[in-house]
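The values are calculated or read from the model by the stated rules, or taken from the named source; none is laboratory data. Just so we're clear, the structure is a prediction, and the values are computed from it rather than from any experiment. Here the Cβ positions follow ideal geometry from the backbone for every residue, glycine too, while neighbour counts run over all protein chains shown.
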Amino acid sequence: MKTALITGSAARIGAEIVKTLHSNNFKVIIHCNQSQVKAQMLKDELNSLRENSAQIIIGDLNNIEAINSINEEVTSLDLLVNNASVFYPNSVESSSIDDWDNILNINLRAPFFLSQGLSKKLAKNSGSIINIIDIHADRPLKKHAIYNISKAGLKMLTQTLAKELAPKVRVNGVSPGSILWPQENAQLSDAEKSSMLGKIVLKRQGSPKDIADAVLFLAMANYITGQIINVDGGRTLNQ
């Protein structure tokens, strides 16, 4: 039975990736930081289906010591899914050094050092890494300057790792389009939602399951590396 670590996976897209991998006979390591109650509920749900098939690992990905601890705690690994991400608006004019550090640390630095720290364990099992990127890695989203930069960096990291970790470790990416509406301080107005949906060829949002299915495909696709799949309903055709 293979083992997968999914960062930021207590809720939303991350939790759906966990469930999909689990239902396809993976042991899952649910990573969280503040969402420990949700992570525990997900762990209990999955372990009720298959005993000792899910565990939790806690760590603040903004902290390099926490990343090092995760790398040490994971003893064997077949799949690393770098899903954890922060998303909130900041224009070039309004961005602060704290915004820069927070977004870049979680969205880009953490995937790099988790991949670095776990690469030998993945290589031992001929494993793979899948990074959850964003279609805005190629075409920037207005008023999200640092987020755009972080995801563009994650795309290049995916391609760089695919070369450097080959042939033992495959590295790919999934770039979601509109899947779930942003929460909290990144919420959109009804007009903004309508405008976004109007640019999608399929005229509807996707679902977390669409992303999870793409992750599962890449996890099983033994002759694919260095590739990024857009799961966006055709949104990039209109950009």
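Among the residues of the range 45-75 satisfying the criterion of being in a loop (DSSP other than H, G, I, E, B) and among the charged types (D, E, K, R), which is nearest to residue 26 (Cα to Cα)?
50
I'd like to know if the range 198-209 contains one or more residues that are in contact with an Asp or Glu (Cβ under 8 Å, 6 or more places away or on another chain), within 21 Å of residue 70 (Cβ to Cβ) and not in a strand (DSSP E or B).
no
Taking the stated definitions as given, is residue 211 of a type in the set (A, V, I, L, M, F, W, C), surrounded by fewer than 21 Cβ atoms within 10 Å (Cβ to Cβ), touching a strand residue (DSSP E or B) at 6+ places or on another chain (Cβ under 7 Å) and touching a residue at least 12 places away in the same chain (Cβ under 8 Å)?
Answer is no for this residue.
Just to be sure, is residue 26 modelled with pLDDT under 95 and not polar (S, T, N, Q)?
Spelling it out, it is not the case that residue 26 is modelled with pLDDT under 95 and not polar (S, T, N, Q).
Within the range 210-229, can you find the residues that are of a type in the set (Gly, Ala, Ser) and either part of a strand (DSSP E or B) or touching a Ser or Thr at 6+ places or on another chain (Cβ under 8 Å) (or both)?
The answer is 212, 219, 226.
Name the single residue that is farthest from residue 172 (Cα to Cα) among those in the range 95-135 being assigned to a helix (DSSP H, G or I) and hydroxyl-bearing (Ser, Thr, Tyr). Don't jump to the end; show me each part of the working.
Narrowing the range 95-135 to residues assigned to a helix (DSSP H, G or I): 97-124, 135.
Checking the rest, the ones that are also hydroxyl-bearing (Ser, Thr, Tyr) come to 115, 119.
On the way: 115: 12, 119: 14 Å.
Top of the filtered list is 119.
Is it the case that the range 151-171 has a residue that's over 13 Å from residue 79 (Cβ atoms) and assigned to a strand (DSSP E or B)?
The answer is no, given that none of the residues of the range 151-171 is over 13 Å from residue 79 (Cβ atoms) and assigned to a strand (DSSP E or B).
Counting only residues that are of a type outside the set (A, V, I, L, M) and touching an Asp or Glu at 6+ places or on another chain (Cβ under 7 Å), how many does the range 134-156 have?
So the count comes out to 1.
Filter the range 23-53 for residues that are surrounded by 13 or more Cβ atoms within 10 Å (Cβ to Cβ), over 24 Å from residue 67 (Cβ atoms) and either of a type in the set (Asp, Glu) or in contact with a strand residue (DSSP E or B) (Cβ under 6 Å, 6 or more places away or on another chain) (or both) and give the result.
45, 46, 47, 53 - these are the residues of the range 23-53 that are surrounded by 13 or more Cβ atoms within 10 Å (Cβ to Cβ), over 24 Å from residue 67 (Cβ atoms) and either of a type in the set (Asp, Glu) or in contact with a strand residue (DSSP E or B) (Cβ under 6 Å, 6 or more places away or on another chain) (or both).
So residue 16 passes all but one of these: (1) under 21 Å from residue 175 (Cβ atoms); (2) surrounded by fewer than 17 Cβ atoms within 10 Å (Cβ to Cβ). Which condition number does it fail?
(2)
Could you check the range 96-110 and list, in sequence order, the residues that are among the small types (Gly, Ala, Ser) and either surrounded by fewer than 18 Cβ atoms within 10 Å (Cβ to Cβ) or on the phi > 0 side of the Ramachandran plot (or both)?
Result: 96, single match.
Looking for whichever is of a type in the set (A, V, I, L, M), at negative phi and buried (at least 21 other Cβ atoms within 10 Å of the Cβ) here; the options are 86, 81, 74. Which one fits?
81
Quick check on the range 189-201. Is at least one of its residues under 30 Å from residue 3 (Cβ atoms), touching a Gly at 6+ places or on another chain (Cβ under 9 Å) and surrounded by 15 or more Cβ atoms within 10 Å (Cβ to Cβ)? Before the answer, list the steps.
As a first pass, look at the range 189-201 and keep what is under 30 Å from residue 3 (Cβ atoms): none.
Checked the range 189-201: no residue is under 30 Å from residue 3 (Cβ atoms), touching a Gly at 6+ places or on another chain (Cβ under 9 Å) and surrounded by 15 or more Cβ atoms within 10 Å (Cβ to Cβ).
Take the conditions of a type in the set (D, E, K, R) and within 17 Å of residue 14 (Cβ to Cβ) and apply them to residue 163. Does it pass?
Here the answer is no, as residue 163 does not meet what is asked.
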